[in-house]
Structures are given as C-alpha cells and as structure tokens.
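Visitor: Pasting a structure below so you can have a look.
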Amino acid sequence: MFVFLLTDIFFYIIIFSLGYYVYYVRKTKDILETWKHVFKSKTGIISIVVLAFFLLIAILDSIHFKEKIKNEKNDLISYSSEIKSVLDLILLPTYQNTEKSYSSPFSSNLYSKETRILENNIEQRVYPKLLYKGNHNKYSEKNSYNIFLTFIFSLLKYILIFSTFYFFLFYKTVFKGVSNLFHHLNSNKTFFATISVILLISIFLYDLSLQYYVLGTDKVGVDVLYKSIKSIRTGILIGTLTTIVMLPFAIFLGIFAGYIGGLVDDVIQYVYTTLNSIPSVLLIASAILMLQVYMANNPMNFENIYERADLRLFFLCMILGLTSWTGLCRLLRGESMKLREVDYVQASKTFGLSRISIIIRHIIPNIMHIVIITIVLDFSALVLAEAVLSYVNIGVDPTTYSWGNMINAARLEMSKEPIVWWSLFSAFTFMFILVLFANLFSDVVREAFDPRSTKNYE
C-alpha cells in the first residue's frame, strides 16, 4: 500500500513544476538559448548530471509504501506500521542486518574490545568478529585482493549495462526520438563521461557494500553508507521545498514594493527590516518547540513515528522559507524600481494598461534572471543550514536520516578513544559533493542569465 507523506506530496509538486518549466523552456526561444549556454559549459554539464543523480535518489526515497502482512490463522491481510521507500528495496541487501556497535570501514571486527571467557575460564579482551560482513570474503582473506576483484567484476557489469543501454537507444527504430536526442548529446563527451563515472562508482560501491561496511557502522550497528545515502532526500527537500515557500513572498512583495511604492513600499520595507532584525535561529527554535509541544499533547493525530518526523521536517522547511525571503525581496524591489521608469513601462501606462497587466507582461519577465540566480545560489546555503540547525538540536527529528544528525552524533564519537571518525567523514563528504556541484552550477547559471555578465557581451 502506497503512503503519501506530507513532504512527499509537496516534493511531487516540485518535480511536476520542474517538468513544466522544462516544457516551457523548450517553447520559449530566448530562454532556451540562455540555457544552451549552460549546457555548452563542461562545468555546467557535469554539475547537472551529478545534481540529477542526487535528485533521482531523492525521488526513489520519496515513493513510500507499507508492506503487506498475511495472518496465517485467518488469511486476513494487514499492513506493517513501518514505512519503507523504493530506495530501501534497492539497498535492502546492503543494510538489512545490523551489527552490535561501531566498526571501522572495511573492518572484520567491532571497534571496541569485549571480555570473552575462554575454555579454561580465563578472561581475555578481544575485538569480536562482525556477524554479517567483513568475515565472508568471496575470493580471499586479504581485503585489498578482494576489493580489487570486486572492482573488476563491477567493471564488467558496467560494460554490460552500458553496452545494452547504448544498443537499446541507438539501434532500435522504435525509439527514434529518444535515439536522436542521445545521438545529439553523444557529441558532448563530457556528458557521457560523467554518467559513466557515476554509474561505475555506484555499481562498485553497491558490490562492495554487500561484503563490507564501506564507511563503517554507527553506535547501534547501522551501515553509515546507507545513512548517508538516505540523508540525500532530507538535504534535497530542505533546499527545494524551502525555496518554493520563499518565492511567493519574495516575488510579490518585492515587485509591489518597488513598482507601486508609497505606503505599500513603506509597509513591506518595515516588515522585512523587522524580520531581519530578529535572529532567524530564535524564530526557528521557538517554532520547533511549539511544534514539539503540539505533538506531545496530541499523540493521537499521528499513526507512527514516521509521520511525526515528516511533520517536523515539513515544518522546518516552512519556517526556513518564511525567514529567508527578505534578501531576494530587497533585490526584486530595487530592480522593480528601475524597471518602472523604463520607456516601455511608461508607454504601457500611457496606453491605459492596469498595474497588474504591466507587472505580468513587463516586470516579472525582466526579473526572472534574478530569481533563477538567487534560487540556485540559495540552495547550497539551505542544505548547510539544515546541518547547522540539527547540530544545535533544532533541526529535523532525531529519527530522520540527515547529515546534520550525523554530524550532531559525531560530537560524542569524536571524544571517544580511539576516535570514531567515519560518521563525520561520511556526512561531510556527501554534503560537500552536493554543495560543491550546486555552487558550480550556480556559477554557470549566473554567467548565463545575468545580463551584466561579460560572457553575454562576447
């Protein structure tokens, strides 16, 4: 049975909106030409492919369901209280069993010693063997040799998959339209090289994770690599959903303040100035505390812990959106003040067009480059914001997989002797990759859409 969480619904809306925007761009020549500048850049193509891969993982992790449970006594079918995703099904062989406690990457033993009583009643401190991974090498007892052979088999799988994919697209006449599209992209070696690297790394990591804990395990024995991958959805949701909440306030209030002016401008300026004067952390903390009080007083409104955690994630996105629209609003206000004085806007006033018509026809199309640039630039900042908020315990629910929760847990792990470093390393690496390519993509988008960019004058 499929389950639609609150964040899932809004995430689907974002995906459909993105699809509609792609359709709109294809029908609009000017915007299409601008985006072609992005795709001509090697940095832009690499960033798009990497971000699309992260987005695909987030989509797979947003398709939730409950498994059927059959009662053997009366043949009645019920559903499990546990909510899983399609991504969980794909990764099931890699995480279905948990160890007792910490284990380091590629290790065959637990990270801490335990007391064992030998046959002669002698106590001995030893590192216990792992139960499920690390001790069952398929090819050799040597990890390096086993990892090398795993890479070879992964490479063979990659060649087989890519060859089948290539044959299916390029030589089947039924898929001529798709073939032509990919044939056009074939001229761009960067596109296929990036996909190839991501596919090979994904296959290799998946095969390795069947035999080892590639990034170790946490305090309760859960695979850290699995937690890091599951945290991608949280990072993507924070960046996208918050942006969707922020945009209506920033666009409409900024345009009305700049174009109409007068009392409207004064009121809007007062609102965002007052909001900027209040530390956003205090607003977020107070909102989260109010939500926690509500959930504690109304437990009957939630069927399970997943709904509680999802509501907190959704509420955090709302609060972040309501506190982060002021910067874009100020930019759009200044741009609208300049646009209202240009000749074609003054001519529209002379011909009797209403304010709403002028805003829709002339103001909004001419400020969209600022909106697009700001959205892309703010995405990485919002991903980092979640990590910071979770670090101070006012972010997402502790039961939610997120890089912020992993970093928060690493505070205590780093004080252990010896240091448990891999959880922090894993969260930092995944977050670094997402933020890095989001920033690279934002630079390319800014150069393409900003009319003041020097490349647009070449």
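Since every read-out is calculated from the coordinates, none of them should be taken as a lab result. All values reported here derive from a predicted model rather than from experimental measurement. No Cβ is skipped: glycine too gets one built from the backbone with ideal geometry, and neighbour counts run over all protein chains shown.
Visitor: For 125, 333, what ranking results if the residue with the fewest other Cβ atoms within 10 Å of its Cβ goes first?
Guide: Ranking 125, 333 by Cβ neighbours within 10 Å, fewest first, gives 125, 333.
Visitor: Any idea what the relative contact order of the stretch 199-356 is, in percent, if you count C-alpha pairs under 8 Å spaced at least 6 apart?
Guide: Across the stretch 199-356, relative contact order equals 33 percent.
Visitor: Per residue, how big is the convex hull of the stretch 234-457 when only Cα atoms are used? Give it in Å³.
Guide: Output value, Cα hull per residue: 155 Å³.
Visitor: So, with +1 on the Cβ of K and R and -1 on the Cβ of D and E, and no other charges, what is the size of the charge dipole of the chain about its Cα centre, to the nearest 20 debye?
Guide: My answer is approximately 960 debye.
Visitor: As a footprinting exposure proxy, order 37, 369 by other Cβ within 10 Å, with the fewest listed first.
Guide: Going from least to most buried by this count: 37, 369.
Visitor: Quote to one decimal, in nm, the extra length available between residue 283 and residue 86 on full extension: 0.36 nm per residue of separation minus the C-alpha distance between them.
Guide: Taking residue 283 through residue 86 to full extension adds about 67.4 nm, to one decimal.
Visitor: Please report 353, 316 as a ranked list, fewest other C-beta atoms within 10 angstrom at the top and most at the bottom.
Guide: Values: 353 16, 316 28.
Sorted ascending by nearby Cβ count, the order is 353, 316.
Visitor: Turning to a different aspect of this structure: List, in the order given, every pair from 100/230; 66/133; 230/416 whose Cα-Cα distance in the structure shown is over 24 Å.
Guide: Working: 100/230 21 Å; 66/133 28 Å; 230/416 26 Å.
Long pairs (Cα-Cα over 24 Å): 66/133; 230/416.
Visitor: What spacing in nm lies between the two simple spin-label points modelled at residue 368 and residue 36, each 7 Å away from Cα in the Cβ direction?
Guide: 1.7
Visitor: Given the DSSP H assignment, sum -39500 (n - 2.57) over each helix run of at least 4 residues in the chain and divide by its residue total; what's the result at 222 nm in deg cm²/dmol, nearest 500?
Guide: Mean residue ellipticity, 222 nm, calculated: -22500 deg cm²/dmol.
Visitor: Points 7 angstrom from Cα along the Cβ direction at residue 145 and residue 116: gap in nanometres?
Guide: That separation, rounded to one decimal, is 2.4 nm.
Visitor: Taking only Cα atoms of the chain, what ratio of Rg to Rh do you get with Rh as the Kirkwood inverse-distance radius?
Guide: 1.03
Visitor: With +1 on the Cβ of every Lys and Arg and -1 on the Cβ of every Asp and Glu, and nothing else charged, how large is the dipole of the stretch 234-457 about its Cα centre, in debye rounded to the nearest 20?
Guide: Using Cβ point charges on Lys, Arg, Asp and Glu, the stretch 234-457 gives about 520 debye.
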